Protein chains: 2
Amino acid sequence: MDKRRAARIDQVLNAAADCFVEFGFHGAGMAKIAKRASMSVGHIYHYFENKEAIIAAIVDRESELAAERFAEFEEVPRDELVHVMTERVDEMVDSKADAFQSVLNLEILAESQRNPQIACIMRQHDEEVRELFRSMLKDKLNLPDAEARTELLLSLFGGLASRIIRHPELDRHTLIPLIKQVMHLALEPCDKDDKRKSE
Amino acid sequence: MDKRRAARIDQVLNAAADCFVEFGFHGAGMAKIAKRASMSVGHIYHYFENKEAIIAAIVDRESELAAERFAEFEEVPRDELVHVMTERVDEMVDSKADAFQSVLNLEILAESQRNPQIACIMRQHDEEVRELFRSMLKDKLNLPDAEARTELLLSLFGGLASRIIRHPELDRHTLIPLIKQVMHLALEPCDKDDKRKSE
DNA sequence: AGCAATAGATAGAACGTTCATTCTAACGTT
DNA sequence: AACGTTAGAATGAACGTTCTATCTATTGCT
């Protein structure tokens, strides 16, 4: 039976994600993970070589999930793309306010700076997302500098998550229109009338 | 002698910051911190009640430093402000690429989600920075929605740091002009001609 | 069908290490 | 001699990991 094994692994990963959010990668012990997974400590080692492997699996799973969320936009026809993307800003902000996701992402980001294996997994997924965005902007919207526009948008969305942690009471109703303005700037070819500004 | 004491404390904080960047708040042990501070483990406890206090001191110091960096703009006269701010984007991006600062900030951000004391320190400093920005935009530039514009800029800058970790090879030469465009959008009262977009 | 053998699932104790913290004894300066 | 300063051993708890034992279910042979 292979289903059972997969289910158990998922059980461990869910428990681990919980603990990692609550205590951090290094603050969460195997004992806590085991207890939350309703499993013995030793048994976890039948599914994962060590704690690092659990962290790596979590990073992989979480990054894949994030990538899938972006992939939705690929199905949108080109003349609706800008409209759909700007319309989804509200739920985007809401999702960034989800502490679970945000903290896990921060933990991953910090860990990637000291663990090359994590960095590798993370960058692979980021490249995926980046290429998806880039090709959308270039092929669907015929935009120049698609790479830079992608980086701008990803910076903004990524920053939103940290911002909400720093200032949870922030007034979304006045911020969201501003974000939409930036998105229009990034999603429409208004490059030329701007070179006047760059001194 | 009070100078000596202050110097020793700084010695511990510097060593601790180093270790926290390299191993994380919970991955760094007192033994490592002591060794890097050229000090005995036990002696650190004469300056700090416990490890948490060291973390708190680091968070405080680092947040204050970040706030001071922003405070420079307060001295700039109002008719040069937009110019100066957009001109400093390049060094801003460079500073965000400094792994030391970025990782420490991520660690702080993640820790603030699970340690209320850290969250408190961090939010106090963020409020300081936010108010500084807000009053600058409102009083010096006479901008409406100064709060929202502040949040947008802080999101963007904060996101830039995470973005560079995710994609260090990112092409800054094409991204920076885009960032400057966003800054002009956020620093100039072009609110009206945009309501057309918000459906 | 019925027994033997095997493989995987599971729990929990045991290991050596490292952790944060405390304690004690020695040091250097006055 | 006294006092603040320092080093490092001592402590017990917690860590990640390994080991062993028991249990369950499937497979192969007759």
In nm, what does the list of distances from B:E128 to its counterparts in the other copies look like, shortest first, when each label sits 7 Å along Cα to Cβ?
4.2
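Within 10 Å of each residue's Cβ, count the other Cβ atoms and sort B:R4, B:R166, B:R123, B:R114 from fewest upward.
Details: B:R4 8, B:R166 22, B:R123 18, B:R114 15.
Placing the least packed residue first, the sequence is B:R4, B:R114, B:R123, B:R166.
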Quick one: with label points 7 Å out along Cα→Cβ, list the inter-copy distances for B:D98 in nm, shortest first?
3.5
Qualifying chymotrypsin sites (Phe, Trp or Tyr not before Pro) in the stretch A:1-108, DSSP loop, other Cβ atoms within 10 Å at most 16
A:Y45
Measuring from the axis that superposes chain A on chain B, report the chain A residue with the minimal C-beta distance, rounded to whole Å.
A:G159, 1
Pick out, in residue order, every one of the GluC sites (Glu not before Pro) in the stretch A:33-69 that is DSSP loop and has at most 10 other C-beta atoms within 10 Å; say none if there are none.
A:E49
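Relative to the compact globular guide of 2.2 N^0.38 Å, what is the alpha carbon radius of gyration of the stretch A:1-49, as a ratio? Provide the component values of the computation, followed by the final result.
Values: Rg = 10.5 Å, N = 49, 2.2 N^0.38 = 9.7 Å.
Normalised Rg, Cα atoms only: 1.09.
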Degrees between helix A:172-187 axis and first principal axis of chain A (Cα, 0 to 90, nearest 10)
70 degrees
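Calculated FRET efficiency, A:F73 and B:N50, Cβ-Cβ r, R0 51 Å, to nearest 0.05?
Working: r = 48 Å, r/R0 = 0.94.
Computed FRET efficiency for A:F73 and B:N50: 0.60.
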Mind checking the angle between helix B:51-71 and chain B's longest principal axis? C-alpha axes, 0 to 90 degrees, to the nearest 10.
30 degrees
Relative to the other copies, what are the label-point distances for B:R8, with labels 7 Å from Cα along the C-beta vector, expressed in nm at one decimal and sorted shortest first?
5.4
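Quick one: compute the contact order of the stretch A:79-158, relative version, from alpha carbon pairs under 8 angstrom and 6+ residues apart, as a percent.
Working: 22 pairs, mean separation 10.8, N = 80.
This gives 13 percent for the stretch A:79-158.
So, with +1 on the Cβ of K and R and -1 on the Cβ of D and E, and no other charges, what is the size of the charge dipole of the protein assembly as shown about its Cα centre, to the nearest 20 debye? Spell out each step's value before the answer.
Values: 56 positive and 74 negative charges, 255 e Å.
About 1220 debye.
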How far is helix A:116-135 tilted, in degrees, relative to the longest principal axis of the Cα atoms in chain A, given as a value from 0 to 90 rounded to the nearest 10?
30 degrees
Classify the protein assembly as shown as rounded, prolate or oblate, taking a ≥ b ≥ c as the square roots of the eigenvalues of its Cα gyration tensor: rounded when a/c is under 1.5, otherwise prolate if a/b is larger than b/c and oblate if not.
oblate
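Read-outs throughout are calculated quantities, based only on the coordinates presented, and are distinct from any laboratory measurement. Note that the coordinates shown come from a computational prediction; the quantities given were computed from them, not determined experimentally. Every residue, glycine as well, gets a Cβ built from its backbone with ideal geometry; the counts of neighbours run over all protein chains shown.
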